[in-house]
Amino acid sequence: MASKEQLRKVALYCNEYDPSRNELIDSARTYEDKYENCVNCNHYNKEGRCTLNLIDPILSSMAMDLNLKS
């Protein structure tokens, strides 16, 4: 299971990120709603999974990038 921070980073790097359109007013929006995050993507289901199965491949790619830089 990815952390909240990882889900934010995945959304930033995901080409398929598609934010859900909800009708919440700005003052009532939660942390996950305010920022790009897998949790508010249309491809993220109620079970906490990406329906496109992209979270793990993106995290792996990010980890490889970090290894190359170090």
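State which residue is nearest to Ser61 (Cα to Cα) when the search covers only segment 1-12 and only residues that are modelled with pLDDT of 90 or more and either of a type in the set (A, V, I, L, M, F, W, C) or in contact with a strand residue (DSSP E or B) (Cβ under 7 Å, 6 or more places away or on another chain) (or both). Residue satisfying both the conditions and the ranking: Val10.
When segment 1-11 is examined, which residues are found to be surrounded by 13 or more Cβ atoms within 10 Å (Cβ to Cβ) and not charged (D, E, K, R)? Once the filter is applied, which keeps residues that are surrounded by 13 or more Cβ atoms within 10 Å (Cβ to Cβ) and not charged (D, E, K, R), segment 1-11 yields Ala2, Gln6, Leu7, Val10, Ala11. Filtered by the rule that a residue be surrounded by fewer than 13 Cβ atoms within 10 Å (Cβ to Cβ), at pLDDT 90 or above and in a helix (DSSP H, G or I), segment 13-60 gives Asp56, Ser60.
The values are calculated or read from the model by the stated rules, or taken from the named source; none is laboratory data. None of the values given here were measured: they were computed from a predicted structure. Please note: Cβ atoms are built from the backbone with ideal geometry, for glycine as well, and neighbour counts cover all protein chains shown.
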